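Presented below is the structure to which this report refers.
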Amino acid sequence: MSATIPGYRGLLRQLTRALAAPARDECVIAVVLIDFEVLSELDGVLGLATVDRLVREAARRLADVLPGSDRVGYTGRHQLACLLAGLDSEMHAVLAAHKIMRTLAAPLDLGKRRLTLSPRLGIAYAHRARHDPDELLRQASKALLRARRQREPYAAYAPEDDSNVLMLGMDLWAELGHAIEESDVYLVYQPQLCLASGRLENAEALLRWTHPQHGPVRPDTMVQLAEGTELIARLTTWVINTALRACTEFRLAGLDTGVSINFSADNLRDPELVEIVAQALDVWGVPAAKVVVELTETAVMTDNVGALDTLLCLKEMGLRISMDDFGTGYSSMARLRDLPLDEIKIDMSFIRGVTTLPHHQQIVASMINLGHSLGLRVVAEGVEDQDTCDCLRDMGCDLIQGYLIGRPARLPDFIAAMQG
Ligand code: C2E
Ligand code: CA
Ligand code: CA
C-alpha cells in the first residue's frame, strides 16, 4: 500500500484529531466507507497483487480530487474510507459522496485491459466533537451494509440502523452461513390437496432455522438476510437440492407428490439459477413437471432485469410457475397474460374471510374465474376449516393448502402423515 495513504490505524488517528479539533458550531465531519462489488472474485481471476494495485489506484484518484483537508485511507484489503472534514452541512457530505462515486466510476487501466469498479458507499456524520471515532466508523459500516442489502449505490447512517433487523442480521448473517453448512437449516413440507380428486398433489417446501439463542428465525427474515449477498445463491442451491431429494423420497414412499419451491426476486436475477435447477433435476432424477416454482407478484412485477428470461427458461425446461400471494401485489392484466404462469395462489388474507365476509367471497370467486379464464390452476392457501374448504370447492378452486389439510412438517413426519 502506498506510503502516503494511511491504513486503518492511521485513519483512526486522523479521525480522532479531526473530531477533537475546534470547529464552527454547524460544521459537519463525515466518514465515507467504500466497498467494491466483485473485488474478492477478481482476486481469483487477476491475482491478489493486481487487485491491490487497483485499490491503490482508486485511493490515489480520490486523494487527488478531494480537498486538502480531507483524508483517504484503507480500512481493509478491498475497502477504502474517506474522512471529510469541515463540511457545511450533511447535504455537502452527500454531494461529496456523489463526487467520490463519479471519480471511482472512470475505468482503471490494467495494462492490456480496462476495468470499471462498482463502488458502494456508507456515510456517517458527526457534528463537532460529539462522536467517538470508532462509533462513527461503525455507523458508516452499518450504512454500507444497508446500501448493499438495498442495492443502493450509497446509504447514510440512520438511527434505525441500530435497532432494525438488519443489524441483528450482521451476526445472524454470518451464523446463517454456518447453519447451512452444519445442517441447522432444514425444510418442512406442507401438503396441497386437489379438491376434485382428493389426491395429494404437491408439497410446498418451507425453510426453517432454529437459532440457539434467538429461537426460530422467520423464513422471510432468513431470505432477507441472505439477499444482496453471496449467501442467497448458497441458500437457494441448498433449498432446491433438498426439496428435490425430498421429492424422490416421496416416490420411494409410494406418494406421487410434486414439490413447490419459493424463489425470491434475487434468485431470478441470478444468471446461474437455471443451471442450478437443471443440475438438481438431473442429480435427483425428478421430472421437471413435478416441480413448481412459487414467486411473489412483486418479484416478477418490479423492473427485475432478466427475471422474465429466467422464468421463460424454467418454463421451457418443463417446470410449473406459480404466482404466490396473489391479490396482494400489483399485477396488471397485461403482465399476467404475458408471464409464463401455470398457477395462481390466492393470498390467505382473502381466504380468511371467505365464509364470513361477502365481499371477500366475491373477490375470491373473481380471482378463481380470472385464473381459469387465463387457463391457470388456482390454489387457495391458509385454509383452516371445513366451511372454507367447502366454499372453495363450490367456487371451483382447484387445490387447497392450509392447517386443515396439514401443518408444515419435517420430511419423515410429512411422509408418515400422508401415508396414514
Ligand atoms: P408463503 O410462501 O406465502 O408461505 C405460506 C406461509 O403460511 C408459511 O409460513 C406457512 O407455514 C403458513 N401457513 C400455511 N398454512 C397456513 C394456515 O392454514 N394458516 C396460517 N395462519 N398460516 C399458514 P412460513 O413457513 O413462516 O413462511 C413465510 C414466508 O417465508 C413464505 O410465505 C415465503 O414467502 C417465505 N419462504 C419460506 N421458505 C422459503 C424459501 O425456501 N425460499 C424463499 N425465497 N422464501 C421462503
Ligand atoms: Ca409460497
Ligand atoms: Ca403465499
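Spin-label point model (7 Å from Cα, Cβ direction): what's the ALA49 to TYR403 distance in nm?
About 6.5 nm separates the two model spin labels.
Taking chymotrypsin sites (Phe, Trp or Tyr not before Pro) that fall in a DSSP loop and have at most 15 other Cβ atoms within 10 Å as cut points, what is the longest piece of the chain between them?
Values: sites that count: TYR330, TYR403.
Longest stretch, sites excluded: 1-329.
Quick one: angle between helix 386-395 and the longest Cα principal axis of the chain, in degrees between 0 and 90, rounded to 10, please.
Approximately 80 degrees, to the nearest ten.
Where does the Debye-calculated log10 I(q)/I(0) of the stretch 204-344 sit at q = 0.10, 0.12, 0.13, 0.18 Å⁻¹, using only Cα point scatterers of equal weight, no solvent?
Debye curve over Cα of the stretch 204-344, log10 I(q)/I(0) at q = 0.10, 0.12, 0.13, 0.18 Å⁻¹: -0.34, -0.49, -0.57, -1.08.
Please arrange HIS214, HIS360 by how many other C-beta atoms lie within 10 Å of their C-beta, fewest to most.
Least to most surrounded, the residues fall as HIS214, HIS360.
What residue among GLY228, GLY258, GLY68 has the largest mean-square fluctuation in a Gaussian network model of the chain, using Cα springs under 10 Å?
Result for the chain, Cα springs under 10 Å: GLY68 fluctuates most.
Over the stretch 186-252, consider all pairs of different Cα atoms and compute the Kirkwood hydrodynamic radius from their mean reciprocal separation; express it in Å, one decimal.
13.6 Å
Go ahead and estimate [θ] at 222 nm for the chain from helices alone: -39,500 (n - 2.57) per DSSP H run with n ≥ 4, summed, over the residue count, rounded to 500.
Mean residue ellipticity, 222 nm, calculated: -14500 deg cm²/dmol.
Based only on other Cβ atoms within 10 Å, what is the fewest-to-most ordering of THR310, THR356? Don't skip to the answer; put the middle values down first.
Values: THR310 22, THR356 10.
With the sparsest Cβ surroundings first, the list reads THR356, THR310.
Taking a quarter of the surface of the convex hull around the Cα atoms of the stretch 8-162, what do you get in nm²?
Convex hull of Cα atoms, orientation-averaged projection: 9.0 nm².
Through the Karplus equation 6.51 cos²θ - 1.76 cosθ + 1.60, θ set to phi - 60°, convert the phi angles of the stretch 242-256 into ³J(HN,Hα) values in whole Hz; use x for Gly and Pro.
With the stated coefficients, the stretch 242-256 comes to 5, 5, 6, 5, 4, 4, 5, 5, 4, 5, 4, 8, x, 9, 9 Hz.
Take each of the peptides 375-386, 46-57, average the number of other beta-carbon atoms within 10 Å over its residues, and list them starting from the highest. Let's see the in-between values first.
Values: 375-386: 19.7, 46-57: 15.7.
Those peptides, ordered most packed to least, come out 375-386, 46-57.
Where does the stretch 169-419 land on the Kirkwood hydrodynamic radius, alpha-carbon pairs, in angstrom? Working shown, then result.
Details: mean 1/r = 0.0536 Å⁻¹.
It works out to 18.6 Å.
Using Cα pairs closer than 8 Å and at least 6 residues apart in sequence, work out the relative contact order for the chain, in percent.
12 percent
Check which residues have an amide H placed less than 5 Å from LEU110's amide H, if you skip close sequence neighbours.
HN-HN under 5 Å from LEU110: LEU115.
Show me, for the stretch 27-34, the HN-Hα J-couplings you get by feeding each phi into the Karplus relation (A = 6.51, B = -1.76, C = 1.60, θ = phi - 60°), rounded to Hz, glycine and proline as x.
For the stretch 27-34, the Karplus-derived couplings read 5, 10, 10, 10, 10, 10, 8, 10 Hz, x marking Gly and Pro.
Exactly which trypsin sites (Lys or Arg not before Pro) in the stretch 180-278 are in a DSSP loop and have at most 14 other Cβ atoms within 10 Å?
In loop regions of the stretch 180-278 (DSSP not H, G, I, E or B), the sparsely surrounded trypsin sites (Lys or Arg not before Pro) are ARG199.
Could you run the Debye sum over the Cα atoms of the chain, one equal point scatterer each and no solvent, and tell me log10 of I(q)/I(0) at q = 0.07, 0.13 Å⁻¹, two decimals?
Listed by q, the Debye log ratios stand at -0.46, -1.09.
Long-range amide H contacts for THR75: which residues qualify at under 5 Å (H placed 1.01 Å from N, peptide plane, sequence gap of 5 or more or a different chain)?
LEU80, ALA81
In whole percent, what relative contact order does the stretch 367-419 give with Cα contacts below 8 Å and a gap of six or more residues?
Relative contact order here is 34 percent.
Would you work out the charge dipole size for the chain about its Cα centre, treating the Cβ of every Lys and Arg as +1 and the Cβ of every Asp and Glu as -1, and quote it to the nearest 20 debye?
1540 debye
Assuming a viscosity of 1.567 mPa s and a temperature of 4 °C, what translational diffusion coefficient in µm² per second does Stokes-Einstein assign to the stretch 72-162, Rh being the Kirkwood radius over Cα pairs?
Diffusion coefficient, whole number: 91 µm²/s.
Considering only THR210, THR298, THR116, give the residue with the highest GNM mean-square fluctuation for the chain, with springs between Cα atoms whenever their separation is below 10 Å.
Greatest mean-square fluctuation among the candidates belongs to THR116.
Please state the charge dipole magnitude for the stretch 215-294, taken about the Cα centre, from unit charges on C-beta atoms (+1 on K and R, -1 on D and E), reported in debye and rounded to the nearest 20. Write out the running numbers ahead of the final one.
Numbers: 6 positive and 11 negative charges, 51 e Å.
It works out to roughly 240 debye.
Under 21 Å Cα to Cα from LYS290, which lysines show up? Leave out anything in the same chain fewer than 8 places away.
LYS315, LYS345
Describe numerically, in nm with one decimal, the distance between label points set 7 Å from Cα along Cα→Cβ at ARG56 and at ASP387.
7.6 nm
Looking at the chain as a GNM with Cα springs under 10 Å, which of ASP43, ASP35, ASP398 has the largest mean-square fluctuation?
In the Gaussian network model the winner is ASP43.
Bear in mind that the values in this text are calculations on the coordinates, not laboratory data. Remember, it's a predicted structure, so these values are computed and weren't measured experimentally. All Cβ positions, glycine included, derive from the backbone under ideal geometry; neighbour counts span all protein chains shown.
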